[in-house]
1. For the range 204-237, which residues satisfy the criterion of being out of contact with any helix residue (DSSP H, G or I) (no Cβ under 8 Å at 6 or more places or on another chain), under 30 Å from V164 (Cα atoms) and modelled with pLDDT of 85 or more?
2. Give just the number: which of (1) open to solvent by less than 20 Å² (accessible area, probe 1.4 Å); (2) part of a helix (DSSP H, G or I); (3) closer than 20 Å to E177 by Cβ does A352 not satisfy?
3. Testing Y192 on (1) open to solvent by less than 10 Å² (accessible area, probe 1.4 Å); (2) in contact with a helix residue (DSSP H, G or I) (Cβ under 6 Å, 6 or more places away or on another chain), one condition comes back false. Which one is that?
4. Being open to solvent by less than 80 Å² (accessible area, probe 1.4 Å), assigned to a helix (DSSP H, G or I) and not basic (K, R) is the filter here; which residues of the range 294-318 pass it?
5. (1) surrounded by fewer than 16 Cβ atoms within 10 Å (Cβ to Cβ); (2) more than 28 Å from the chain's Cα centre (by Cα); (3) within 21 Å of N240 (Cβ to Cβ): which one isn't true of I75, the others all being true?
6. Can you pull out the residues in the range 423-458 that are modelled with pLDDT under 80 and surrounded by 11 or more Cβ atoms within 10 Å (Cβ to Cβ)?
7. Suppose we filter the range 251-264 for residues that are in contact with a Lys or Arg (Cβ under 8 Å, 6 or more places away or on another chain) and open to solvent by less than 10 Å² (accessible area, probe 1.4 Å); how many remain?
8. Just one of E428, E440, E421 is without any contact (Cβ under 8 Å) to a residue 40 or more places away in the chain and in contact with a helix residue (DSSP H, G or I) (Cβ under 8 Å, 6 or more places away or on another chain); which is it?
Amino acid sequence: METPVKSVILLVDDQDTIRFFLEKTLKQEGYEAVTARTGAEAVAKAREVVPDLVLLDLKLPDMDGLEVLRRIKEIFPEIGVVMITAFGDVETAVTAMKNGAFDFVSKPINLDQLLMVIKKGLESERLNREVLQLKRQMDPGVGFDYILGESPGMKRVIEVVQQVAKSDTTTVLIEGESGVGKEMIARLIHNYSNRATKPFMDINCASLPETLLESELFGYERGAFTDAKGQKQGLLELANRGTLFLDEIGEMSLTIQVKLLRVLERMEFRRLGGTSDIHVSVRVVSATNRDLQKEVDEGRFRADLFYRLKVVPMYIPPLRERKEDLLKFVNYFINMFNQKFSKNFAQIDDGARQLLLSYPWPGNIRELKNVIERVVLLETGPVLRREMLPFSSYRPDEGTLGRRLDSILSAPLPEDGIDFEGLVSDVERALILKASEESEWNQSKTARLLNVKRDKLRYRMRSFDMGDENEVPTTS
């Protein structure tokens, strides 16, 4: 049975007796209480714990309570703030409510009244969160309608998303080819969970070198390294009580993998150059287009981290295996770009429909979206015809590599890039194989056909497992 998540209340008051008494009372009432005695400490604690509600005294030693209210609301506008005022200071309390405070209570504090205001404030936050979720459900751009899951594989994905969103499972691993919509699934998990009003932070682990990725994730203290001029919060802190999405986690170095494992096991970490542990509550959703089990077997990914990430595994099938969904996606994107570009595409002719269904879509949904955007922008409706598609000359019996190259060269490159090394490797292998077959596996002749030195050819062949056992002996 899952333990319910406690509401976190940040209590800000410079009087020790009041602070200690209220902290004890809040804990007895089942809340998690975090305290601060100054305005600066309150703002820092709000950033650290992302509370559900703030109890804020108007009179603080370092700054006015109204200024603290303003700063907290700038960072987290959805958080309810209840002001604690001196007896008779109603005018200032009214000003605070005009500036975004939920309510106020006067000193000396009536405990029953305070607990009732807290309950109402938390209920208001809950209702705001539910309204936000309903808006997301009604918006096909960020709701389940966007997934368009009529295929069996996607129906299963949606079922798992709904189950995970309702739970407080801390780790989810999404696997699938590039462009299938892994980030969209991660956002859906966040949007439909009780973390929806908290931050959703994301980072592509393949886009940054190891040192920069580490500082982005964990943050750093002033002086931690040469350019560390001040303190910086990392994404783990910024995502506290929300969701952190780690895209292309298979690219993460072994060094950072060790640190991430500690976070997942203890929910604590240290900034670079830091000496104290920082505790967080973060759901980590990771994604990869690699075979992580193979990466583990070959020593490039830690087995303990792999199994910790894979508490809830999800596989997003490629678009070519989702023919039931494809035309729905096409119509969805046509409507989207009709509105964007003021066009009037309303039909798809039989030739275009057959081509769309037979094309293998190596770039998946991202490629489909780019293709439809290009067609709607450049062509005139109302009928989408085969010749409008950038791969109109495609035939189903074309080679896989040729289809991939044609797809990449006929559309804008995806924002997260392509598998350059893998594609170049496949091209090299295909050319070596073709030249080898034409030369009857005579390496000297193969090298001449490719205009490379024989030693370089042999090195390439060994790297592709096309070694000397395939060579026809020669005297050259």
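The values are calculated or read from the model by the stated rules, or taken from the named source; none is laboratory data. Note that the structure is a prediction, hence the values are computed from the model and not measured. Every residue, glycine as well, gets a Cβ built from its backbone with ideal geometry; the counts of neighbours run over all protein chains shown. Please note that ligands, DNA and RNA were not included when accessible areas were found on the heavy atoms of the full protein model with its side chains. Shrake-Rupley method; radii C 1.70, N 1.55, O 1.52, S 1.80 Å.
1. Those that are out of contact with any helix residue (DSSP H, G or I) (no Cβ under 8 Å at 6 or more places or on another chain), under 30 Å from V164 (Cα atoms) and modelled with pLDDT of 85 or more: N204, S215.
2. Going through the list (1) open to solvent by less than 20 Å² (accessible area, probe 1.4 Å); (2) part of a helix (DSSP H, G or I); (3) closer than 20 Å to E177 by Cβ, A352 breaks only (3).
3. Among (1) open to solvent by less than 10 Å² (accessible area, probe 1.4 Å); (2) in contact with a helix residue (DSSP H, G or I) (Cβ under 6 Å, 6 or more places away or on another chain), the lone unmet condition for Y192 is (1).
4. Scanning the range 294-318 gives E295, V296, A303, D304, L305, F306, L309.
5. (2)
6. L423, S425, D426, R429, A430, L433, K434, S436, E438, S439, W441
7. Qualifying residue count for the region: 2.
8. Working: E440 fails: in contact with a helix residue (DSSP H, G or I) (Cβ under 8 Å, 6 or more places away or on another chain); E421 fails: in contact with a helix residue (DSSP H, G or I) (Cβ under 8 Å, 6 or more places away or on another chain).
Result: E428 is the single residue among E428, E440, E421 that is without any contact (Cβ under 8 Å) to a residue 40 or more places away in the chain and in contact with a helix residue (DSSP H, G or I) (Cβ under 8 Å, 6 or more places away or on another chain).
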